[in-house]
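Take a look at the structure below.
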Amino acid sequence: MSLLSVEGLTIALPPGGERAHAIEDISLHLDAGEILCVVGESGSGKSMTASAVMGLVPPGLPIVSGRIVFEGTDLLRLSAEQMRELRGRRLGMVFQEPMTALNPLMTVGDQIGEVFRVHGETGDVRGRVLRLLEDVRLPDPPSLLGTYPFRLSGGQRQRVMIAMALALGPSVLIADEPTTALDVTTQMQILRLIRQLQQEKGTGVLFITHDFGVVAEIADRVAVMQHGRIVEQGPARAVLNAPQHPYTRALIDAVPHGTARATTSASEEVLRLDGVRKTFRRGGGLFKRGSAVVAVKDARFSLAKGETLGLVGESGSGKSTLARCVVRLFEPDGGSIAFHGTDLLRLSRAAMKPYRQRIQMVFQDPYASLNPRRKVGDIIAEGPVTHGVPRAQAIAKAKDLLRLVQLDAGALDRYPHEFSGGQRQRIGLARALALDPELLIADEPVSALDVSVQAQVLALLDDIRHRLGLTMLFITHDLRVAAQVCDRIAVMQQGEIVELGDTAQVFGSPRHAYTRELLDAIPGKHWMPPRQAA
């Protein structure tokens with residue numbers, strides 16, 4: 001008998017939505033000691049399935065039919081109190097965004113310890129917490145006990161979440177997109193950790209993801225969801241290598257392939273950085289200077305017209321800081337940033353204004369970078385209007401740009417919250433293009449998007465780059481994406497560019513140990529999708 005089985009489960013959506021059901025007639029099972037990956041795009045019903053198992057379906061979404069049987073008991077027949085007893089003790093869950101799932105006012109030790117106290121566990125709670133922190137391979141557990149979540153990296157916060165979920169030895173662990181937007185090295189560490197803990201403890205893992213590269217790395221079996229239904233499921237090897245459903249094949253086709261693109265021949269130099277440095281100070285106060293943190297150290301590279309240079313590295317490597325120095329959102333401590341021969345660092349703020357028109361930036365988070373109180377038309381037209389373009393002309397151009405980024409002109413009169421993440425990223429791109437820039441800086445523009453939406457945005461960027469003759473500085477932590485869109489790669493580690501070369505050279509014969517480490521951490525690197533194997 002399966003450890004967990006979902007049988008004919010249907011959950012309704014409120015009237016007037018895109019579809020009648022959040023999930024419809026889904027059936028799947030999870031055995032002890034196996035990893036079942038549930039794959040699909042945002043809105044496919046993956047997380048709703050996990051919420052139903054945990055008894056966390058939002059109010060107003062009625063469960064129409066079906067059963068969820070765990071260790072012989074139908075969870076849908078249990079009271080709220082009985083479900084609270086099971087959560088944590090027998091059913092554990094790792095949420096997608098640890099920064100919002102962890103209490104910012106409680107230390108790591110108190111939050112993990114709370115799991116034991118809520119369930120009436122007594123004895124050496126501190127010792128058990130320390131052992132959990134050791135189990136999830138966190139450094140220096142004693143010092144972490146008194147540390148607050150905001151002081152930890154994304155990967156460390158995710159490990160704390162895993163420690164909390166495993167505290168009472170649950171039979172089932174549900175991991176909801178636990179590696180989305182993490183660096184490839186941190187992602188690989190989390191995947192290996194989950195696999196190792198699952199093997200050691202015999203836990204059944206329900207792993208939710210949109211990335212078939214991740215599936216290839218850890219899955220025993222796969223269930224593919226689309227529009228609230230399971231369209232395909234089976235052993236991982238069969239689904240990965242011989243997908244039957246068109247949607248499964250489309251998801252697999254959307255996985256960045258990591259094959260180096262042909263290099264664009266160099267021409268006129270647009271940008272040159274020489275010895276750029278940036279240092280921040282941390283922990284200072286009125287009478288205390290604080291410690292220096294070197295974010296960028298002696299950065300040097302050039303960028304030719306029409307070329308795309310990828311800045312690759314982990315979080316904290318200095319990629320985004322360097323990009324912000326180029327547009328002078330941060331003021332560098334030294335060096336030079338020459339744009340068509342003019343050193344931007346020698347210009348006053350007033351003298352810099354025309355160059356801001358020629359250098360534009362697409363930010364990582366399309367949710368935070370668009371003003372939620374302004375309509376899309378106003379957001380796109382704001383830049384040209386600021387630079388003296390009549391409003392009517394700017395709005396007309398905004399309509400053209402929406403068509404260019406493959407959005408309907410009716411989007412002008414809507415607000416950002418009415419769009420999906422991929423659509424918002426397109427709006428951010430239209431805003432950046434409104435000023436006819438020569439240089440576009442794209443800071444992790446696809447890191448948190450579904451692979452299919454990611455593929456669409458990357459194809460759109462490439463098309464616009466060729467159509468408009470743009471030069472691009474493309475920042476990413478995903479080397480598969482970098483290979484797909486970049487002519488050259490600059491690898492950053494701890495503020496320093498440790499390797500720079502053509503994409504084919506960096507991928508084919510990396511010179512630096514850190515570059516090799518990044519390449520080794522690509523999820524599913526040993527798996528060749530059917531379209532590439534053909």
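Annotations
- Looking across the range 129-146, the residues that are out of contact with any Asp or Glu (no Cβ under 8 Å at 6 or more places or on another chain), assigned to a helix (DSSP H, G or I) and surrounded by 15 or more Cβ atoms within 10 Å (Cβ to Cβ) come down to 129, 130, 132, 133, 135, 144.
- The one condition in (1) touching a Ser or Thr at 6+ places or on another chain (Cβ under 7 Å); (2) under 26 Å from residue 387 (Cβ atoms); (3) not in a helix (DSSP H, G or I) that residue 315 fails to fulfil: (2)
- Figure legend. Inter-residue proximity from the range 387-405: first residues closer than 25 Å to residue 463 by Cβ, second residues in a loop (DSSP other than H, G, I, E, B) and among the charged types (D, E, K, R), beta-carbon distance below 9 Å, spacing 6+ or different chains. Indicated pairs: 402/408.
- Scan of the range 194-238 for residues that are part of a strand (DSSP E or B) and touching a Cys at 6+ places or on another chain (Cβ under 7 Å), ordered by number: 207, 209, 222
Here's the yes/no breakdown for (1) at pLDDT below 90; (2) among the aliphatic types (A, V, I, L, M); (3) over 25 Å from residue 178 (Cα atoms):
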residue: 6; (1), (2), (3): no, yes, no
residue: 14; (1), (2), (3): yes, no, yes
residue: 17; (1), (2), (3): yes, no, yes
residue: 22; (1), (2), (3): no, yes, no
residue: 32; (1), (2), (3): no, yes, no
residue: 45; (1), (2), (3): no, no, no
residue: 48; (1), (2), (3): no, yes, no
residue: 51; (1), (2), (3): no, no, no
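- Cβ pairs under 9 Å, 6+ apart, first in the range 332-349 and closer than 17 Å to residue 303 by Cα, second modelled with pLDDT under 95 and surrounded by fewer than 13 Cβ atoms within 10 Å (Cβ to Cβ): 336/346; 340/268
- Whether a residue is in contact (Cβ under 8 Å) with a residue 12 or more places away in the chain and of a type in the set (S, T, N, Q) was assessed, and residue 79 does not pass this test.
- Test: residue in the range 464-475 that is without any contact (Cβ under 8 Å) to a residue 60 or more places away in the chain, touching a Lys or Arg at 6+ places or on another chain (Cβ under 8 Å) and among the hydrophobic types (A, V, I, L, M, F, W, C): no
- Residue 338 being assigned to a strand (DSSP E or B) and among the small types (Gly, Ala, Ser): yes
- Tally, over the range 398-445, of residues that are within 20 Å of the chain's Cα centre (by Cα), farther than 29 Å from residue 326 by Cα and not polar (S, T, N, Q): 2
- Within the range 71-90, if we keep just the residues that are more than 20 Å from residue 194 (Cβ to Cβ) and surrounded by 18 or more Cβ atoms within 10 Å (Cβ to Cβ), the residue that is modelled with the lowest pLDDT turns out to be 86.
- In the range 265-293, the qualifying residues are those that are among the β-branched types (Val, Ile, Thr) and at pLDDT 90 or above, and the one that is nearest to residue 328 (Cα to Cα) is 276.
- Residue 511 in the same structural domain as residue 359 (by TED's automatic domain parsing) and surrounded by fewer than 22 Cβ atoms within 10 Å (Cβ to Cβ): yes
- In the set (1) over 30 Å from residue 418 (Cα atoms); (2) within 27 Å of the chain's Cα centre (by Cα); (3) of a type outside the set (Val, Ile, Thr), residue 372 fails one condition alone, (1).
- Hey, residue 66 touching a residue at least 40 places away in the same chain (Cβ under 8 Å), closer than 27 Å to residue 197 by Cβ and not hydroxyl-bearing (Ser, Thr, Tyr) or not: no
- Subset tally (residues that are of a type in the set (Ser, Thr, Tyr) and closer than 28 Å to residue 455 by Cα) for the range 373-416: 1
- Odd one out for residue 167, checked against (1) touching a residue at least 12 places away in the same chain (Cβ under 8 Å); (2) in contact with a helix residue (DSSP H, G or I) (Cβ under 7 Å, 6 or more places away or on another chain); (3) surrounded by fewer than 21 Cβ atoms within 10 Å (Cβ to Cβ): (3)
- Of all residues in the range 327-365, none satisfies the criterion of being more than 27 Å from residue 495 (Cβ to Cβ) and touching a Lys or Arg at 6+ places or on another chain (Cβ under 7 Å).
- Residue 454 vs. criteria out of contact with any Leu (no Cβ under 8 Å at 6 or more places or on another chain), crowded, with 22+ Cβ neighbours inside 10 Å, touching a residue at least 12 places away in the same chain (Cβ under 8 Å) and not acidic (Asp, Glu): yes
- Any hit, the range 291-308, residues being within 30 Å of residue 182 (Cα to Cα), part of a helix (DSSP H, G or I) and either under 23 Å from the mean Cα position of the chain (by Cα) or not polar (S, T, N, Q) (or both): no
- Scan of the range 91-117 for residues that are surrounded by fewer than 15 Cβ atoms within 10 Å (Cβ to Cβ), modelled with pLDDT of 90 or more and either among the hydrophobic types (A, V, I, L, M, F, W, C) or within 19 Å of residue 204 (Cα to Cα) (or both), ordered by number: 105, 106
The values are calculated or read from the model by the stated rules, or taken from the named source; none is laboratory data. Bear in mind that the values here come from a model prediction, so they are computed numbers and not experimental data. All Cβ positions, glycine included, derive from the backbone under ideal geometry; neighbour counts span all protein chains shown.
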